[in-house]
1. Could you please find all residues in region 111-131 being closer than 21 Å to R17 by Cα and either of a type in the set (D, E) or assigned to a helix (DSSP H, G or I) (or both)?
2. In region 52-65, what count of residues is obtained for those that are modelled with pLDDT under 95 and surrounded by 12 or more Cβ atoms within 10 Å (Cβ to Cβ)?
3. Among (1) in contact with a helix residue (DSSP H, G or I) (Cβ under 6 Å, 6 or more places away or on another chain); (2) surrounded by fewer than 17 Cβ atoms within 10 Å (Cβ to Cβ); (3) within 17 Å of I23 (Cβ to Cβ); (4) not hydroxyl-bearing (S, T, Y), there is one condition V92 misses while meeting the rest; what is its number?
4. For region 1-20, which residues satisfy the criterion of being in contact with a helix residue (DSSP H, G or I) (Cβ under 7 Å, 6 or more places away or on another chain) and either buried (at least 18 other Cβ atoms within 10 Å of the Cβ) or closer than 18 Å to A123 by Cβ (or both)?
5. List the helices (runs of 4 or more DSSP H) inside region 1-71, counting only whole elements, that have at least 1 residues being among the aromatic types (F, W, Y).
6. Is at least one residue of region 146-158 in contact with a strand residue (DSSP E or B) (Cβ under 9 Å, 6 or more places away or on another chain), crowded, with 16+ Cβ neighbours inside 10 Å and hydroxyl-bearing (S, T, Y)?
7. Somewhere in region 39-57, is a residue in contact with a strand residue (DSSP E or B) (Cβ under 7 Å, 6 or more places away or on another chain), closer than 19 Å to R115 by Cα and among the aliphatic types (A, V, I, L, M)?
Amino acid sequence: MDNSSKIQAIISDDPIRWRLLEIVRSLGLPDCWIGAGFVRNAVWDYLHGRDSSPISTDVDVIWFDAQRCTPEQDEALEAVLRGLEPNVLWSVKNQARMHAQNGDKPYLSATDAMRYWPETATAVAVALREKGSCEVAAPLGLDDLFDLIIRPAGRFATEKTAIYQSRLKSKNWVKICMPTGRKMMTVLRSRLCA
């Protein structure tokens, strides 16, 4: 089974994540995904033989629509999602506007925007499609995610290194993974990212 199929199986077997995917799909947003920690943490739990950890951080919903790309639109969608599932901290971002905030060139789609995310292992998302299938998007690949390698992506390995270093410290990924006996490799410098 390839890594994309493994993610599909992991998410399909997680009733909480599956329900959240159904809720997000009910919004009918174009090019819409749940990504980052939502998928990363599920995979890491699987790799460590742990039960699925509770969703204790924000659930990152990304979508792409150049005609509705205001912060107010995203806030309204967050309010709708809170009404549908109030126990989740929803974060909705239309990627059609996020390039300006991030200092990047304009993104072409939600998955194109993921190419500019801070870490390779985090640049992954899933979406529930109409026929009940789980689609996986991973523009930077899935190898680092499944090999427990945290490395900076793109400009986070160069001029945005301070942001990457801060995220690495605040997320505490090494501590999360080390107690299980499996080793996590953390790549801190761009020259090591070949």
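1. First pass over region 111-131, keeping only residues closer than 21 Å to R17 by Cα: 111, 114, 121-131.
Passing the criteria: T111, M114, A121, T122, E130.
2. First, pick out the residues of region 52-65 that are modelled with pLDDT under 95: 52-58.
Then keep just the ones that are surrounded by 12 or more Cβ atoms within 10 Å (Cβ to Cβ); that gives 52-53, 55, 57-58.
Going through region 52-65 one residue at a time, the tally reaches 5.
3. (2)
4. Applying the first criterion (in contact with a helix residue (DSSP H, G or I) (Cβ under 7 Å, 6 or more places away or on another chain)) to region 1-20 yields 3, 7, 10-12, 14, 17-18.
Within region 1-20, N3, I7, I10, I11, D14, R17 meet the criteria.
5. Values: elements: 3-12, 15-25, 37-47.
Where helices (runs of 4 or more DSSP H) fall fully within region 1-71 and carry at least 1 residues being among the aromatic types (F, W, Y), they are 15-25, 37-47.
6. So the first thing to find is which residues in region 146-158 are in contact with a strand residue (DSSP E or B) (Cβ under 9 Å, 6 or more places away or on another chain), and the list is 147-153, 156, 158.
Add one more test, that the residue is crowded, with 16+ Cβ neighbours inside 10 Å, and what stays is 148-153, 156.
From what's left, hydroxyl-bearing (S, T, Y): none.
No, the conditions are met nowhere in region 146-158.
7. First, pick out the residues of region 39-57 that are in contact with a strand residue (DSSP E or B) (Cβ under 7 Å, 6 or more places away or on another chain): 39.
Adding the requirement that they be closer than 19 Å to R115 by Cα leaves 39.
Of the ones still in play, those that are also among the aliphatic types (A, V, I, L, M) are 39.
There is at least one residue in region 39-57 that is in contact with a strand residue (DSSP E or B) (Cβ under 7 Å, 6 or more places away or on another chain), closer than 19 Å to R115 by Cα and among the aliphatic types (A, V, I, L, M).
The values are calculated or read from the model by the stated rules, or taken from the named source; none is laboratory data. The shown structure was predicted, so the numbers you read here are calculated from the model rather than taken from an experiment. Neighbour counts run over all protein chains shown; Cβ positions are idealised from the backbone, glycine included.
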